[in-house]
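These notes are about the structure you will find just below.
The values are calculated or read from the model by the stated rules, or taken from the named source; none is laboratory data. Keep in mind the model is a prediction, meaning the values are calculated, not measured. Quick reminder, even Gly has a Cβ in these numbers, built from the backbone with ideal geometry, and neighbours come from all protein chains shown. Accessible surface is based on the protein model in full, side chains and every heavy atom, while ligands, DNA and RNA are left aside. Shrake-Rupley method; radii C 1.70, N 1.55, O 1.52, S 1.80 Å.
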Number of protein chains: 2
Amino acid sequence: MNKQATAQSARLLYGSSEYNADILYFSKVFVPDAFIALEVGGKRLGVFGALEYGRMVKESKLDLVLSLEEYQEKAKELFRKKGVGPTEIIRVLAKEYNINNFLVAENFPVGLAFDLKKARLHIQVIKGPFFPEREIKSKAEVLELKQGNAASAVGIRAAEEALRHTIIKGNQLYLDGKVLSSQRLRGLVDIACLQAGAIPHNTIVAGGGQACDPHCIGSGPLRPNELIIVDVFPRLTTSGYHGDMTRTFLRGKATEAQEKLVSTVQEAQKKALSKVKEGITGAEIHGIVVDYFIKSGFITKKVNNHYEGFFHGTGHGLGLDVHEAPRVNASNKEGLKLDTVVTVEPGLYYPGVGGCRIEDVVQVKRNGYEMLSNYHYAWQID
Amino acid sequence: MNKQATAQSARLLYGSSEYNADILYFSKVFVPDAFIALEVGGKRLGVFGALEYGRMVKESKLDLVLSLEEYQEKAKELFRKKGVGPTEIIRVLAKEYNINNFLVAENFPVGLAFDLKKARLHIQVIKGPFFPEREIKSKAEVLELKQGNAASAVGIRAAEEALRHTIIKGNQLYLDGKVLSSQRLRGLVDIACLQAGAIPHNTIVAGGGQACDPHCIGSGPLRPNELIIVDVFPRLTTSGYHGDMTRTFLRGKATEAQEKLVSTVQEAQKKALSKVKEGITGAEIHGIVVDYFIKSGFITKKVNNHYEGFFHGTGHGLGLDVHEAPRVNASNKEGLKLDTVVTVEPGLYYPGVGGCRIEDVVQVKRNGYEMLSNYHYAWQID
């Protein structure tokens, strides 16, 4: 890398690529501990300790892999002090690359930012996405997202098959002679995801009243004749991209109220999907769902200590983060960009009747969308 | 909660408890999206949108669950603006609870911190651990950590059993007629962990030269007569506590050099463990390992683009984070506190001979330690 004579700006990242999707996007390699990464003069560099150095030389896609120990020595000499940390290393880099302005993400650690400011380095926080290009998914990324959703589908299939094999006795479901609980069914879903190459996190298998809390993961026995939400959003072990799909099942006999609930959610998803294309706003898509639910008699309100009806967004971006830009909700008044990837997941939740959510993943196209998830919509298992 | 007349300090957290262990420690519930949490006047409160509100009332251990929508309305009214975010909500809370100083962690997001400062709120960054008490593990936490390590042991056993069932043909290992690769063996380990209730992340199953990069997770066929490192650090799905254990195996015949490498690491771990007790520093324990390796003829140095020898810390704290305080390395000159939990994991890495690491987890006691992990040390499978 050419070291510049004229002062320049640089993007600065600090964290672990296992927990920070921007850093993973930047480095393309999983690193469990925090490290310094810089984009300066069009080149990407990272600073790694001995533990990671050799691996980074081989595995990372960075243009330059620097040795933390070497930079610690430089910092000790330059600042004539023994204990040096990220602040001093970054000060050395600022000097070497003649950087007079560090661009950092909103979630950059404040402790380090304050220390850098104290050392008279200029820190500029970028509002919103740090890598706006992360929204737009390349063909390679779409393949990853399809693979992630294939893993979700494998998980959902495992749940459906298990429910199909249950025997109903009284108010319980029995699989292979033992009561089927949310935990047990989640275990089957999670193992199926892992076998498909993706790590599951807090997979939702929630029935009855529990399913009326959209993020309740579910516990205890699953019941016949209750709506059971199965929401599966595993992360590919290789690349870190996600799947995110939801289906709602019912083992036994549905009531009229349950049938109306599910068919309304199905229809809402169809209506929302039919509007997806480049330029429509997240708020417009969300509004279609909201209006349709109201028109169908499903009112949203706060009742005592909980909400009923439809009280989450219609969707969100999906990629290295399971929830990322762009949002498909009332707040997003910007048109969806070509090749962004979003979930479409309307839901209705009424304690007494049950909860239903149906979720798929699409890529936004000029005149519509491409479906990246694939699973049937049959839900009654009798 | 009594709202105070005199101004007071409050701890402020903002993030997702799935990615931030302090927030999980504080809220005791997994929430995938960022939320505001406060500790003020000895009470803990959180602000949640409709999607999470009902679940938080039921599941979280917070003293007070506030509705984000209600606080958005308050903020809109107070600041006479339409678009309100975390900054405005926190300003409302500052007013309601008469808070004149917000204590935040080093990893608090800088964007929000700068906005709060702009709004003339006082932000004080706490250096080091935000909840120092997280280091000290209670009896309940020790049970979780034992369970996490039991899951690690189940994973390691799956690897050992699979290796034992392999057939050696030429330079390959065959399991059930198919070549055994790192990926395939990792799959078996990961499924075993999941069945034991813990989610695996980047499990290391690396042989030969790959094992000489301590964080290389391994890929491609595993070979006979090579050292294979199996490092398993899954997270309990229920509580978020981790296991973290490593064993090194060899299927076939070990060379003298491999035998010496492994027996030296085993002996180093014993020596390190024998010194663990309240008050000894991480640096002292690490120094014992470093000295023993040098005395045994194992020199650490940088060779071209990689390091050889022993070039990572001897251990780290283990809890809701897989790497947390206290560190057992050259930098930690503070005495280990009673009831902290650390790994002890010396390793040696020499391309050509191979890599070996042996890792267990202990709780620091007044006159020694309690072992929280349990697996045998036999390593040759012939």
Problem set entry | Interface residues in the stretch B:184-218 - accessible area drops by 40 Å² or more relative to the isolated chain, probe 1.4 Å | B:ILE191, B:LEU194, B:ILE199, B:ASN202, B:ASP213, B:HIS215
For this session: Pull up all non-local amide H partners of B:GLY252: gap of 5 or more, or a different chain, and H-to-H distance under 5 Å with H placed in the peptide plane.
Result: B:ASN225, B:ILE381, B:ASP382
Exercise. Mind checking which of A:ALA196, A:ALA140, A:ALA34 has the largest fluctuation in a GNM of chain A, springs on alpha carbons under 10 Å?
Worked result: A:ALA140
Problem set entry | Unit charges at the beta carbon, dipole of the protein assembly as shown: most positive-side option, A:VAL29, A:GLY111, B:ALA50 | A:GLY111
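I want the local charge near A:ILE168. Using Cβ-Cβ distances under 10 Å, sum +1 for each Lys or Arg and -1 for each Asp or Glu among the other residues.
On the way: positive: A:LYS169, A:ARG223, A:ARG251, A:LYS253; negative: A:ASP382.
The answer is +3.
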Exercise. Any residues in the stretch B:26-63 that have 50 Å² or more less accessible area with all protein chains than in their chain alone, probe 1.4 Å, and which are they?
Worked result: B:ALA50, B:LEU51, B:TYR53, B:ARG55
Exercise. How much of the DSSP beta bridge set in the stretch B:24-164 is antiparallel, as a percent to the nearest 5?
Worked result: 40
Problem set entry | Degrees separating the helix B:50-59 axis from the principal Cα axis of chain B, which is the longest one | 70
For this session: Using only Cα atoms, find the angle between the long axis of helix B:139-164 and the longest principal axis of chain B, and express it within 0 to 90 degrees, rounded to the nearest 10.
Result: 30
Problem set entry | GNM flexibility winner over chain A from A:LEU51, A:LEU194, A:LEU348 (Cα, springs under 10 Å) | A:LEU51
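First select every other residue whose beta carbon is under 15 angstrom from the beta carbon of B:LYS118; then total the charges, Lys and Arg +1, Asp and Glu -1. Mind dumping the intermediate values first?
Working: positive: A:LYS117, A:LYS127, B:LYS81, B:ARG91, B:LYS117, B:ARG120; negative: A:GLU106, B:GLU88, B:ASP115.
Charge balance in the 15 Å sphere: +3.
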Seminar exercise, completed: Taking a crude spin-label model, label points 7 Å out from Cα along the C-beta direction, the A:ARG80 to A:SER219 distance in nm is 6.0
For this session: Would you list which aspartates and glutamates come within 20 Å of A:LYS139, measuring only between C-alpha atoms, while excluding same-chain residues fewer than 8 positions from it?
Result: A:ASP22, A:ASP244, A:GLU278, A:ASP321, A:GLU324, A:ASP339, A:ASP360, A:GLU370
Exercise. Aspartates and glutamates within cross-link reach of B:LYS76: Cα-Cα under 12 Å, excluding same-chain residues under 8 positions apart?
Worked result: B:GLU88
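Grab the other residues whose beta carbon is less than 9 angstrom from that of A:TYR349, score K and R as +1, D and E as -1, and report the net. It would help to have the intermediate numbers written out before the result.
Details: positive: A:ARG357; negative: A:ASP213, A:GLU308.
Result for the neighbourhood of A:TYR349: -1.
For chain A, what does -39500 (n - 2.57) per DSSP helix run (n ≥ 4), summed and divided by total residues, give at 222 nm, in deg cm²/dmol to the nearest 500? It would help to have the intermediate numbers written out before the result.
Values: 9 runs with 123 residues, N = 382.
About -10500 deg cm²/dmol.
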Seminar exercise, completed: As straight-line cross-link partners of A:LYS169, the qualifying lysines (C-alpha separation under 21 Å, not fewer than 8 residues apart within one chain) are A:LYS178, A:LYS253
For this session: Quick one: compute the contact order of chain B, relative version, from alpha carbon pairs under 8 angstrom and 6+ residues apart, as a percent.
Result: 14
For this session: For chain A, with all protein chains present and a 1.4 Å probe, just round the carbon and sulfur fraction of the accessible area to a whole percent.
Result: 51
For this session: Measure nothing fancy, just the Cα-based angle from helix B:256-275's long axis to the longest principal axis of chain B, in degrees from 0 to 90, nearest 10.
Result: 40
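Rounded to the nearest whole Å², what accessible area per residue is found for the stretch A:45-123 with the 1.4 Å probe?
Numbers: 3650 Å² over 79 residues.
Each residue of the stretch A:45-123 exposes 46 Å² on average to a 1.4 Å probe.
Past the 19 Å Cα-Cα mark, which pairs from B:LYS61/B:LYS337; A:LYS28/A:LYS137; A:LYS74/B:LYS302; B:LYS137/B:LYS277? Don't jump to the answer; show the numbers that get you there.
Values: B:LYS61/B:LYS337 27 Å; A:LYS28/A:LYS137 15 Å; A:LYS74/B:LYS302 17 Å; B:LYS137/B:LYS277 15 Å.
Correct reply: B:LYS61/B:LYS337.
Chains A and B: buried accessible surface, both sides, probe 1.4 Å, rounded to 100 Å²? Don't skip to the answer; put the middle values down first.
On the way: alone 17650 and 17640 Å², together 30850 Å².
Adding both sides of the contact gives about 4400 Å².
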